[in-house]
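Following: one structure in C-alpha cells, then a few remarks.
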Amino acid sequence: WLICYRSSVDSSSLLGLRYYAILFAFAFAMGIARVTVVAPHIGATAAVLVEVPIVMAVGWVVSRRLLLGRQMTLSQQTNIGGIVFVLIMASDLILWQLLRGQNVVAWARDVMTPLGVVGLAAQVGVALMQVWATPAVNDLD
C-alpha cells in the first residue's frame with residue numbers, strides 16, 4: 001500500500017512541476033507584456049485586471065490537458081496545487097528580489113496592497129485550478 005501511495009504522490013508531484021513550468025513560462029511572458037506594453041496605455045491596475053482572467057483561462061486549459069484521462073484523487077489534486085502554489089510564491093519572491101533589489105519585507109508589503117491581493121488571489125486560483133477543472137475519484141477506492 002505504501003509503495004502504491006508513494007508512487008501516486010510522486011506522479012502528482014511531477015504533474016505539479018509540469019503545470020507550474022508551463023504556467024510560469026506563460027505568466028512570465030504575460031507579465032513582461034503587461035508591464036512594457038499594456039500598463040503604459042491603461043495603467044497598472046487595469047493591466048493586471050486584464051491579465052488575470054487570461055492567465056486563469058490558460059491555467060484551466062493546461063490543467064485539463066495535463067489531467068486528461070488520469071484518475072486523480074482529491075488528495076493528489078491538492079498535492080499538485082500545493083506544489084504549484086509554493087513554487088509560484090517562491091518564484092515571485094525571487095523575481096522581486098532579482099528585478100527590484102527589494103527584500104522579503106518589501107515583497108510581503110507589496111502583496112498586501114490592493115493590486116497585490118488581486119495577484120495573490122490569481123495565484124491561489126491557478127494553484128487550485130486542477131481541483132476545479134477535473135472531477136476527482138474517491139480517495140477510498
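The values are calculated or read from the model by the stated rules, or taken from the named source; none is laboratory data. Computed from a predicted model, the values in this text were never measured in an experiment. Neighbour counts are summed over all protein chains in view; Cβ atoms, including those assigned to glycine, are modelled from backbone coordinates with ideal geometry. Calculation scope for accessible area: heavy atoms of the full protein, side chains included, ligands and nucleic acids excluded. Shrake-Rupley method; radii C 1.70, N 1.55, O 1.52, S 1.80 Å.
A few remarks follow.
- Residue that is least open to solvent (accessible area, probe 1.4 Å) [pool: residues in segment 97-141 that are among the acidic types (Asp, Glu) and closer than 28 Å to Ser75 by Cβ]: Asp139
- Residues that are under 16 Å from Ile22 (Cα atoms) and among the polar types (S, T, N, Q), drawn from segment 36-85: Ser63
- For Val124, the conditions (1) farther than 17 Å from Phe26 by Cβ; (2) in contact (Cβ under 8 Å) with a residue 40 or more places away in the chain are fulfilled apart from (2).
- Entry remark, segment 37-96: residues being surrounded by 14 or more Cβ atoms within 10 Å (Cβ to Cβ), polar (S, T, N, Q), under 24 Å from Trp107 (Cβ atoms) and more than 13 Å from the chain's Cα centre (by Cα) number 0 in total.
- Segment 15-36 - residue that is among the aliphatic types (A, V, I, L, M), surrounded by 12 or more Cβ atoms within 10 Å (Cβ to Cβ) and over 14 Å from the mean Cα position of the chain (by Cα) and, of those, modelled with the highest pLDDT: Ala33
- Residues that are part of a helix (DSSP H, G or I), touching a residue at least 40 places away in the same chain (Cβ under 8 Å) and closer than 19 Å to Leu14 by Cα are absent from segment 40-49.
- Odd one out for Trp60 among (1) modelled with pLDDT of 90 or more; (2) farther than 21 Å from Met30 by Cα: (2)
- Out of Ala90, Ala121, Ala127, one residue alone is under 30 Å from Arg70 (Cα atoms), among the small types (Gly, Ala, Ser) and touching a Gly at 6+ places or on another chain (Cβ under 7 Å). It is Ala127.
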